[in-house]
Structures are given as C-alpha cells and as structure tokens.
Amino acid sequence: MTSPRPGAAQDGADSDPARGAARMPIDEEASIARHLTERASTYWPEGRDGDVVVVHRRTDARPHSRLHWYAVRISGVERAVVVKVVIPPRFRSADRMTLASVPDAASDFRRDYEALRLIDAHFRSCADERIANVPLLDFVDSNSGFVHEVVAGTPMMELLRRQNRLIGEQPASRVVPVARNAGAWLREFHSVPVPRTLVDRPTREDFVVAIDQYASALGTSLQDEARFAEIARIARAAARSTLPDHLPLAVAHSDFVARNVLIQGSERVMVLDTLARRHAPVYEDLAAFNAGLRVNRRQLNTLGLAFGQTTLDTIERALLAGYFATDDPPQEAYRTYQLLVLLDRWLGVVHWARRGILRRPAQLVAHRLLNKAVDASVRRLV
C-alpha cells in the first residue's frame, strides 16, 4: 500500500470514522508491533540473523477500518508496512440498501486472508509487466489485521488532479494508458479462482429485483416516484435484451475506484484496498470505477467542473478496452448494469445526507451529478 488519501465519501459512509478510532483496543498498536517483531524475519529472510526494531508511526481511522503504519528495521535495513484492521459494521440502516453483502462473523477475515494469498500468488506469477499486486505479508489473527508492505507510487487521483480542466497541466492521453492497464489489472483479478462464499445477484432476475428496489427507494426519498418507475421500466426492458439468465461472476474487489489505483513508473498499475470476500457480476467493479469518476470529492469541490464529459468518456472507454482486451469492447450488458450501480451511489448520497455526513452544498452537487449520469445511462438504454 501507499500513503493514504484523505477519506472520501465513498469510503463506506455507514459508520462514523471517529467512532471507529474510539473503539480501538488500547493495546492494538502494541500487539501488532509485537507480531511484526516476531515475524519480520519471515517477511525478509535475508535479515533473519539481525536485530529487529519496530516503530509505530501513526494510525489513520476510516469508516470501516484502521490503518496502522510502522517502520520495521531489520539488519540495519528499514522497511515500511501498513496493517489494515477491518471493523465490521455494527448495523445496516433500514433505508440504506447496498450492493455488497456484509458477513457478520469476524472469523471471515481469516478466510479473506486466504483469498488474498491466492490473489497475491497469482499476480506474483503473472507475466504481464503492466500490472502488479500490493505485497501481502501476513495476517494478525488477534486483531484481524492484514499486513502489507508499503510500496511507492503515484495515486491515479493525483494524475487526474493534473487532468483537472480548471488547472489542467497535461493532455488526457496521459491518463488513457493508465486506465487501460487498470482494466487489464481487473481482468486478471477477476480470473483468480477464489472459492465462492457470498454471491450477490447472480441472475438477471436478481438484477431486476434490485433495480425495482432502488427505484422505489429513490422515488420515495426524492419525491419523484413516476420518474424512477419509468427508469425501472427501461432497465427491466434492457435487462431482458442484454443480460443473460445467469450473469458472469468473479471475485469482487468491491471498491475498485481511481483513488485505490496506484501507478508505478509511467503506466504500471497496482490496486489497493482489496478484500475479496464476495462474488458478484463482473460488470459491478467496472461500473463502480466509472461511477467514481463522475461523483467524487474533487468533482463535488469544483461543482462538477473538474472533469469534462469528453475526458470521462475517454477514460471509461480505455478501462473497458483494457478489461476486454479489445478496442471494440462489448458494452450492452455493462451499460445495463451501470445503471444499477449509479442508483446505488445515488441512494448512498441520500443516506449520507440524512446522517449529516454530506453538507448541504455537497449534497446539491452530488444530486446534480448523479441526475446527469443516470439520465445519460438511461438514454443509452432506450
């Protein structure tokens, strides 16, 4: 992993980051430090005969996790590691549906680790120099902590910041190969044979049920039931013509967005914050990436002016081309599923607004951006 980005609205808005920090066990930092001290020579065998010194640098609280950053000096060589401790949500609000199922048992984190080990081994053996995995070192059973080595790189959002048309420093062509390689990374990730546990919406009928549920919830919340009923009707018709009875499934990243993409060199891509605890239709991660480009903190802070439609469409095409390994990727099924992901984001904005997580100006911008994105999505399906 690399240095964290400030928490964004998408970083799980169902619980308060401050409450996550308050719940941290008093000895968590120390117990992880002891674990790292005991295990450091297994991470870096070349230093097995040397002294080990572990220093805690800081802890970052996120809505559903804590990131503990450590410096580990072994045989005079200092390395950096981050330990991600996942906090299971204590509740799901009755008015907040989500696309991702949430396991209740903390024991599932060990299963997550075994899945991540498979993924790590897969990428280590991958011959594609365009993509790589953030090194996974260990799992701390006592704290349900995932140990990663910190790697250097440039967050994709930083590249997009330079692409900001308000302060633009470089052409869109700089972002295109990175987006294409991000698509190639996702294709490789989806190919890893992780055993299935949780499976979300595996059939076309599941998709239709979800569309109806989201449309109903948004229609009620936004007091526009007729409009969202029409959106649901169009989505159902599109599903019948574009989606198979059984959707193609793969292990889901579940937070595949630009802020979790790390660039090494000019174009090599790694992806952060992988959990791999569920399977879902392959279109979900693709659609989440593109929804995240349209509604994110930078777009909210600039009233939606940061990234123009041409830039967003160019990045989307590059991502799909990288995923499907063709300049003419199949888009019909993806476009249909994209509408569900956009409705999920919109309902999230409604939920965050009710809980006071989004301030009024940000709410208005988010609603406007999502309204625009949903309208464009519907027009593609008609």
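The values are calculated or read from the model by the stated rules, or taken from the named source; none is laboratory data. Note that the structure is a prediction, hence the values are computed from the model and not measured. Cβ coordinates were reconstructed from backbone atoms using ideal geometry, including for glycine residues, and neighbour counts include every protein chain displayed.
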* To do: Scan the stretch 273-293 and give yes if some residue there is surrounded by 17 or more Cβ atoms within 10 Å (Cβ to Cβ), touching a helix residue (DSSP H, G or I) at 6+ places or on another chain (Cβ under 9 Å) and in a strand (DSSP E or B), otherwise no.
  => yes
* To do: Identify all residues within the stretch 320-340 that are in contact (Cβ under 8 Å) with a residue 60 or more places away in the chain and over 23 Å from Asp200 (Cα atoms); write none if there are none.
  => Ala321, Gly322, Ala325
* In this structure, is Val81 surrounded by 15 or more Cβ atoms within 10 Å (Cβ to Cβ), assigned to a strand (DSSP E or B) and at pLDDT 90 or above? -> yes
* Which ones in the stretch 39-65 are among the charged types (D, E, K, R), under 32 Å from the mean Cα position of the chain (by Cα) and outside any strand (DSSP E or B)? -> Arg39
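Yes/no per residue for (1) assigned to a helix (DSSP H, G or I); (2) more than 19 Å from the chain's Cα centre (by Cα); (3) at pLDDT below 95; (4) among the polar types (S, T, N, Q):
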residue: Val85; (1), (2), (3), (4): no, no, yes, no
residue: Ser101; (1), (2), (3), (4): no, no, yes, yes
residue: Asp104; (1), (2), (3), (4): no, yes, yes, no
residue: His148; (1), (2), (3), (4): no, no, no, no
residue: Ala152; (1), (2), (3), (4): no, yes, yes, no
* To do: Kindly provide the set of residues from the stretch 33-58 that are β-branched (Val, Ile, Thr), crowded, with 17+ Cβ neighbours inside 10 Å and closer than 12 Å to Val81 by Cα, ordered by number.
  => Val54
* Structure fact -> Checked Gln331, Gln299 against criteria (out of contact with any Lys or Arg (no Cβ under 8 Å at 6 or more places or on another chain), of a type outside the set (Asp, Glu) and surrounded by fewer than 19 Cβ atoms within 10 Å (Cβ to Cβ)); the one match is Gln331
* Asked: Is it fair to say Ala229 is of a type in the set (A, V, I, L, M, F, W, C), within 17 Å of Val378 (Cα to Cα) and surrounded by fewer than 19 Cβ atoms within 10 Å (Cβ to Cβ)?
  -> yes
